[in-house]
Every structure is written in structure tokens, then in C-alpha cells.
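Every read-out reported here was derived from the displayed coordinates using simple, explicitly stated rules and does not represent laboratory data. What you see is a predicted model, and the numbers here were worked out from it, not measured in a lab. When we count neighbours, we look across all protein chains shown, and the Cβ atoms used for this are built from the backbone with ideal geometry, even at glycine.
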Amino acid sequence: MSTDNSIQQSSADERPGDKPGDKPDDRVVIFDTTLRDGEQSPGASMNLDEKIRIAEVLEDMGVDIIEAGFPIASDGDFTCVNEIAKMVKDSTVCGLARATAADIDRCGEAIRPAASGRIHTFIATSPLHMKYKLQMEPEEVLVKVTESVTRARQFTDNVEWSCEDGSRSDHDFLCRCVEAAIDAGAGTINVPDTVGYALPNEFADLIRMLKNRVPNMDKAIISVHCHNDLGLGVANSLAADEAGARQIECTINGLGERAGNAAMEEIVMALKTRNDHMPFRTGIKTEDIMRASRLVSAVTGFSVQPNKAIVGANAFAHEAGIHQDGVLKHAGTYEIMTPESVGLNKSNLVLGKHSGRHAFKEKLKELGYDLGDNAIQDAFKRFKDLADAKKDVFDEDIVALVDDEVVRANDTVRLVSLEILCGTVHKTPKAVLELDVDGDVKGCEATGDGPVDAAFNAIKQLFPHNARLQLYQVHAVTHGTDAQAEVTVRLEEDGRTVNGQGADTDTMVASVRAYVNALNKLLVKREKTAPDAISA
Ligand code: KIV
Ligand code: ZN
């Protein structure tokens with residue numbers, strides 16, 4: 001094992017700025033933490049298959065480092081990091097570890113099969129966190145910094161060290177910690193704004209301060225990790241970048257603890273669109289952004305708000321006549337980037353009931369889906385049913401339908417049939433339901449205070465559980481009364497929250513699909529470390 005700790009040695013880490021003609025200093029490393037910090041959003045837990053699917057897309061789109069999980073948190077987390085480490089070849093696979101031997105050893109074990117693996121170890125350095133959370137003196141924390149990085153280096157040359165709550169830490173102490181981490185072998189120093197408290201100028205000053213004051217700072221890359229509590233996650237990351245940070249930690253759709261992390265799509269497109277002002281580049285294929293956004297939204301059940309920058313449904317829509325007129329005359333009048341540059345292809349191909357398998361496959365390709373033969377087969381069958389129910393099948397319909405297939409690919413409980421009796425004639429709404437529970441088809445009837453209540457009561461009869469409904473939300477995928485309904489159901493059981501999704505032209509069918517999907521997610525029991533032990 002090399003003892004040279006000057007930046008990283010692995011092949012994937014040599015990519016940034018190392019190609020002939022590249023100026024190393026203008027390359028920003030993109031570190032995606034959708035599968036780790038993103039998964040810490042309440043309700044966003046993902047199973048192994050889902051994480052693998054997302055990791056494949058992240059690798060394809062050119063993410064430099066994929067933080068795949070927190071191996072000590074559960075056997076499930078360990079397996080996810082380990083399987084992703086086996087599978088991914090072009091990105092570095094990273095696992096998170098606190099500053100304890102058990103965490104670091106478990107993490108080292110999880111990333112062992114990776115072509116390029118990284119251990120990311122962290123400890124809090126702010127007075128508040130050290131006193132109340134860690135109950136440790138600063139000098140004890142400093143010892144832990146050296147010990148943890150040294151231990152991590154026994155597993156890999158590629159070690160990242162984070163000062164949790166770095167933006168609220170004392171500068172003198174922070175400098176000592178950073179210097180110690182680099183001396184012990186950390187090639188990346190990550191400065192988190194853990195609670196999303198920093199302001200852009202202040203955060204940029206912090207990065208400059210570290211560059212000026214830490215004597216060995218030139219031996220490591222500075223990274224930033226900004227939370228979005230004040231809506232400043234992206235602004236802080238970009239300000240830090242201008243001040244000298246060359247790794248940005250972010251998530252797809254800005255998923256993450258509380259108000260989330262800095263959104264990768266916003267960072268990447270800001271750097272690309274305003275390259276005149278910020279002369280930096282990333283290795284991200286921006287045309288894959290929509291595909292990644294849709295997949296993360298489908299898997300987690302966190303829908304993207306319509307006016308969300310870059311990936312929201314309205315991000316490239318022009319409603320006002322004067323805007324439409326301008327865009328038709330010259331797109332640049334109201335568009336600062338093209339829809340195609342983020343993977344939104346304008347297409348004339350609207351499908352209908354006469355469209356064949358070939359047209360359907362072409363459409364899937366155009367929308368950025370790469371499905372296996374069996375998945376295409378299932379999706380095509382559902383598309384035909386949909387085309388029978390509605391005249392024109394738009395891109396949004398196909399997205400909802402395929403996402404629905406992706407989401408329930410591994411469900412053990414499935415909807416077989418549903419009949420609802422309600423309206424003015426049936427004073428007490430009734431649901432007649434059949435579910436397939438692990439290959440065993442069972443049926444029942446139930447009543448309720450409304451059709452949705454009746455259907456959910458029927459599910460409870462067939463599959464008894466204690467989960468409590470926390471959210472029931474319906475939205476129409478397209479305009480018109482024949483639009484598909486996309487339903488999100490959030491269930492909570494023993495402190496675990498999950499989101500389920502379902503789509504169908506029949507709102508009741510979509511509702512049952514969503515509820516059943518959430519139940520399936522609860523079935524994937526993953527014992528986690530107490531959440532308060534897993535910071536930020
Ligand atoms: O927000 C934070 O401080 C974190 C660290 C673990 C990097 O997520
Ligand atoms: Zn975080």
C-alpha cells in the first residue's frame with residue numbers, strides 16, 4: 001500500500017483533470033450521496049435492487065464518487081455498499097464511517113471489492129456537537145481524527161475526512177483537525193455545512209481560510225457538503241467552488257436530511273451554463289439528468305415539485321403568450337439552457353392504441369429508459385391497457401407507467417383485482433379486493449367512510465399490519481379527465497416511514513397500488529443504528 005497521501009491514487013480518481021490537455025485545476029469532482037444522505041430523508045429508504053439501479057445510472061452519467069451507504073448502520077446497508085462496490089467500475093464507491101474502529105473496519109470490508117473504493121470517515125468539530133453530542137473535549141476529538149484516518153488508510157489509499165458541523169467550528173481548532181487528518185493520510189477534506197446555516201460569502205471565506213492557514217492543505221482536495229435548510233445549499237457549494245473547493249457533495253433532486261442536500265442537477269447545470277463566470281467543469285453527462293431524476297423520484301416516492309429548477313415539469317414550459325412567442329422566434333429569449341441538454345427530448349411521437357412494440361421501445365429509449373426484455377414485455381402490456389383506456393398516450397404517461405413497473409418489480413404483495421361500490425346509491429362504500437401475498441391469492445370485502453377508506457380497510461383485512469397512514473396524495477399525470485392518477489401513500493410503523501407510489505387511469509386502483517407498494521417497502525426490514533447516532 002502506498003503511503004503517498006497527495007490526493008488520490010486510484011484510477012477513477014485520476015480522471016478529474018488528468019486527461020491530456022485538461023487543466024487539473026478547473027475540474028470539479030462530483031460526489032453523489034443520494035444513496036447515503038439522500039436515503040436519510042424520512043420515507044426515502046431504498047432496497048438493494050433500487051440502490052443498484054440508481055448506482056448504475058450514476059455511473060453511466062459520469063459521477064466521480066458514489067457514496068453508497070453507511071455499512072455499520074445495518075446488514076442491509078453493508079450489503080448495498082458491498083454489492084455496488086462489486087458492480088461499479090467507472091466511479092469510485094464510497095462508504096461512510098464514524099470515527100470508531102468498528103465503523104471503519106466494517107466500511108473497509110464493504111468497499112473491499114471495489115475497483116476504486118473510498119472510506120469517508122467523520123467526526124463533529126463544532127463546540128456544540130463536541131460538548132452535547134459527543135461529550136468529548138476538543139483534544140480528545142483531535143486524537144480521534146488521527147486515529148480514524150490512520151485506521152481507514154489500512155484499508156485503502158483513498159480516504160476522505162469530514163469535520164461534521166464544520167461551518168460552525170472554531171477556526172483555530174478546525175485548522176488543527178484538518179492538518180492532522182492530512183498528516184494521517186486523508187486525500188480529501190470535506191467541510192460540511194451540516195445544518196444549512198452558512199451564507200455564501202461566509203462559507204467561501206471559510207474555504208479560503210483553510211487554504212491560507214493549513215500548512216499541508218495543498219496535499220488534499222477540499223470538498224464541500226451543503227445542506228439546504230435556508231435554501232442555500234447550491235449557492236454555498238458554488239461559492240466554495242470559486243474559493244478553491246474542487247469536490248462537491250450533492251444528491252439527485254436535492255434529496256437528503258431535513259430540507260435536503262445541494263441538488264446535483266442544479267450545481268452541474270449552473271457550472272455549465274455560467275461557465276463564463278465559473279470556469280470549472282464536471283464529468284457529468286448532463287443529458288442523463290432527467291433519467292436520474294425520474295428514477296430517484298420513482299424509487300423514493302418523493303415527487304419533484306413542478307417549479308423545481310432543471311428537473312421540474314415546468315422548468316422548460318412556457319405558459320405566457322409573450323414568452324411562447326419569444327421562444328418560437330428565438331429560444332434564447334427565455335431559455336438559458338436547452339431542454340435537450342438535460343435529457344428532455346421534444347418529440348412528436350405521441351403513442352396510441354395502434355402503436356406497436358417497436359414504437360414503444362423507441363419511446364423508452366428516447367425517454368432514457370434502458371429496460372431488460374422482461375421489463376419491456378410487462379411495460380408494453382400495461383401500455384396497451386392504458387392505450388385502450390385513453391386516446392393519446394403522452395411521454396408523462398409512459399414515464400408514470402414505467403416508473404410504476406420499476407417501483408414494484410420486487411413486491412411480494414401485489415394487487416390482483418379491485419371492485420369499488422360507491423356513489424349516491426351505495427350509501428356505505430364497499431371494496432371487493434384480491435391480493436396475491438407471496439403467491440397465495442386471497443380475497444375479501446370491506447366497507448369504509450369513503451371508497452379510499454374501504455379499499456385500505458380491505459388491504460388491512462387481507463394483510464394485517466400496524467402501520468399508520470401519514471400521507472395520501474393524488475396528482476394527475478397529464479391534463480384531461482382521462483389522465484392517469486399518480487398516488488403517493490406514506491406509512492409509518494415502529495418509527496420507520498416509507499413512501500409507496502401507484503399510477504393508473506383509475507384513481508382507486510392507483511391508490512391501492514400505492515398502499516400495497518408502501519407495505520412492501522415496510523416488509524424489507526432493515527435494522528438501523530439509532531438515528532441520533534447517525535448524524536446529518
Ligand atoms: O451533513 C453532514 O455533516 C454529513 C457528514 C456525515 C458528511 O452528512
Ligand atoms: Zn449531510
(message) With an 8 Å Cα cut-off and a minimum separation of 6 or more residues, compute the relative contact order for the chain in percent.
(response) 12 percent
(request) Can you figure out the FRET efficiency of residue 218 with residue 287, using R₀ = 30 Å and their beta-carbon distance, to the nearest 0.05? (result) 0.30
(request) Please give, to one decimal in nm, the separation of the simple spin-label points placed at residue 465 and residue 313, each 7 Å out from Cα toward the Cβ. (result) 2.7 nm
(request) Check cross-link reach from residue 390 to the lysines: straight Cα distance under 23 Å, and skip same-chain residues fewer than eight apart. (result) 346, 353, 361, 363, 365, 381
(message) Per 0.36 nm of contour for each residue apart, how much would the distance between residue 128 and residue 109 grow if the chain were fully extended, relative to their Cα-Cα spacing?
(response) 3.6 nm
(request) Could you check the simple spin-label distance between residue 479 and residue 79, using points 7 Å along Cα→Cβ, in nm with one decimal? (result) 4.7 nm
(message) So for the range 37-99, averaging the separation of alpha carbon pairs under 8 Å that are six or more residues apart and normalising by length, what relative contact order in percent results?
(response) 33 percent
(message) With θ taken as phi - 60° and the coefficients 6.51, -1.76 and 1.60, list the Karplus ³J(HN,Hα) couplings across the range 478-491 in order, rounded to whole Hz; mark glycine and proline as x.
(response) 10, 7, x, 6, 8, 5, 6, 9, 10, 10, 10, 10, 10, 10
(message) Looking at the chain only, what percent of DSSP beta bridges run antiparallel? Nearest 5 please.
(response) 50 percent
(request) Would you please give the FRET efficiency between residue 432 and residue 506, computed as 1/(1 + (r/R0)^6) with r the Cβ-Cβ distance and R0 = 22 Å, to the nearest 0.05? (result) 0.95
(request) May I ask for the angle, rounded to the nearest 10°, between helix 138-153 and the longest principal axis of the chain, with both axes built from Cα atoms and the value confined to 0 to 90°? (result) 70 degrees
(request) Using R₀ = 60 Å, calculate the FRET efficiency as 1/(1 + (r/R₀)^6) where r is the Cβ-Cβ separation of residue 273 and residue 143; round to 0.05. (result) 0.85
(request) For the range 191-279, just say rounded, prolate or oblate: build the C-alpha gyration tensor, square-root its eigenvalues into a ≥ b ≥ c, call rounded for a/c under 1.5, and beyond that prolate if a/b exceeds b/c, oblate if not. (result) oblate
(message) Cut-off under 12 Å on the C-alpha distance; same-chain residues fewer than 8 positions from residue 285 excluded. Which aspartates and glutamates are left, in chain and number order?
(response) 59, 60, 64, 265, 340
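Send over the semi-axes of the chain's equivalent ellipsoid, whole angstrom and largest first, taken as the square roots of 5 times the C-alpha gyration tensor eigenvalues.
Rounded to whole Å, the semi-axes are 43, 28, 20.
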(request) Specify which residue in the list 35, 254, 297 is farthest towards the positive end of the charge dipole of the range 24-300, using unit charges on the beta carbon of Lys, Arg (+1) and Asp, Glu (-1), about the Cα centre. (result) 35
(message) Loop by DSSP (not H, G, I, E, B), at most 12 other beta-carbon atoms within 10 Å: where is the longest site-free stretch of the chain for GluC sites (Glu not before Pro)?
(response) 1-318
(message) Taking 0.36 nm per residue of sequence separation and subtracting the Cα-Cα distance, how much length would be gained by fully extending the chain between residue 424 and residue 523, in nm to one decimal?
(response) 31.9 nm
(message) Roughly how far apart, in whole Å, are the Cα centres of the range 108-173 and the range 447-521?
(response) 42 Å
(request) Mark the label point 7 Å from the Cα of residue 341 along Cα→Cβ and return the residues of the range 258-280 whose backbone N is within less than 15 Å of it. (result) 265-280
(request) Sum -39500 (n - 2.57) across every DSSP H segment of at least 4 residues in the chain, then divide by the residue count to get the 222 nm mean residue ellipticity, nearest 500. (result) -11500 deg cm²/dmol
(request) Could you tell me how many degrees, from 0 to 90 and to the nearest 10, lie between the Cα long axis of helix 171-184 and the main elongation axis, the longest principal axis, of the Cα atoms of the chain? (result) 90 degrees
(message) Distances longer than 14 Å among the Cα atoms of the range 348-406: what percent of all pairs is that?
(response) 46 percent
